[in-house]
Every structure is written in C-alpha cells, then in structure tokens.
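Worksheet for the structure shown next.
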Amino acid sequence: MTAGGDRDGAGWDPERRRPALPRGLRRRLARLPVGLFRVGLGPLFGGRLLLLHHKGRVSGLDRTVALEVVAYDPARRSWILASGFGPRADWYRNLRAEPRTVVQVGNRRYAVTARFLTEREGAEIMAEYAPRHPRTARRLCAFMGFEVDGSAAAYRRAGRGIPFVRLVAEPGQRLP
C-alpha cells in the first residue's frame, strides 16, 4: 500500500504462484472478445465485459484488453475490475502509469479515470461479488492460487490479495 491507500503490489505475495499468461490457442480465445468489440458486437456481452483502451507504459502504443466487470455502480458512475494476473498485469501497470483512459461498454465509449482500491475495499468487493457469481468467484480465486471454502470470510481474505480498480466516468457523459 502507498500512503494514499493505493495498491502498489505490496499486498500481493511475491511467493504466490502467478498465473501463466495464455499462449497459443488459449491466448486467441482470450483475445476473441477484443475482436468482437472492434466489429461492433460489444452489446453481445451486456455489461459483463468492457473493452479497456490503455497506453503501453514503455512503448507508448495503444493497447486494448477485454475484461470482466466485477461491478457497475451507476451512483458512483463507475466500473470495478479485478486483475486476475495480479499487480504485474500489463493493463494494470499501464493504468498505474496513465490512469486517464477510455473504456467501451457495448458500442459506447466513456472517458474514465482509474482509481486503485485498497485491500480493505477489495475484500468487501469480493465478498459481495462471490454470492452473485459463485462459480466465477471460485474460479478466479483458484486461478490466482487462493483457497476459498465458500464463506464470506474466505472471499474477503482472497479479495485482499486481488488488485481491484475502479474506473470512474468523467462528468457529462450519459452512462448505461
């Protein structure tokens, strides 16, 4: 944690097995939603996926990744994402370097600013997410090497180790 309460990877256990990045066919399948967004089929995902546009922190090149929306909060005008590959995921690190970006939900684009959530916030988000999406929550935790028994306490423990990001829409945009 940094002084401002942001995650900087300090809550991430470096000894924990980092999930391997997909390669070959698995990578192509993982990238399939990006292509569907690009050809105008983003509405197929409802609000479950969004397309995050970000700039490479080293290369400066435009990048895109389709990510699952953990929660959409219309009152806060925001989407919450989890980094399944931990704080070393490229999109996460790129947002750290440049938090202002654009997301695409369905076929609409929104200017957003990334806010990195604290471990305590991550714990509560995971505890709320798990009952709504039990299979996905169990899979995410297993994928990241967390053992959960299905209890809210276990999901809170896991949530403290998963980096979460809130993407807050800039004022003046009509949201879904």
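Computed from the Cβ-Cβ distance with R0 of 22 Å, the FRET efficiency linking Arg120 to Ala75 stands at 0.65. Shape class of the stretch 93-176 from the Cα gyration tensor (axes a ≥ b ≥ c, square roots of the eigenvalues): prolate, since a/c reaches 1.5 or more and a/b is larger than b/c.
Near Ser59: Cβ cut-off under 14 Å, other residues only, Lys/Arg at +1 and Asp/Glu at -1. The net charge is +1.
What the Cβ-Cβ distance of Ala153 and His133 gives, at R0 = 25 Å and to the nearest 0.05, is a FRET efficiency of 0.90.
If exposed trypsin sites (Lys or Arg not before Pro) are those in a DSSP loop with at most 10 other Cβ within 10 Å, what is the longest stretch of the chain that has none?
Numbers: sites that count: Arg17, Arg23, Arg174.
The answer is 24-173.
The Cα trace of the chain gives Rg and Dmax of 15.6, 44 Å, the first to one decimal, the second as a whole number.
Loop sites by DSSP among the GluC sites (Glu not before Pro) of the chain, restricted to those with at most 14 other Cβ atoms within 10 angstrom, leave 16-146 as the longest stretch without any of them. Across the stretch 73-88, coupling constants 3J(HN,Hα) worked out from phi with the 6.51/-1.76/1.60 Karplus curve, θ = phi - 60°, read 10, x, 5, 8, 6, 8, 10, 10, 10, 10, 8, x, 9, x, x, 9 Hz, and Gly and Pro carry x.
No lab work stands behind these numbers, since they all come straight from the coordinates. Fair warning: this is a prediction, and the values are worked out from it, not measured in the lab. Here Cβ is always computed from backbone atoms with ideal geometry, including for glycine, and neighbour counts include all displayed protein chains.
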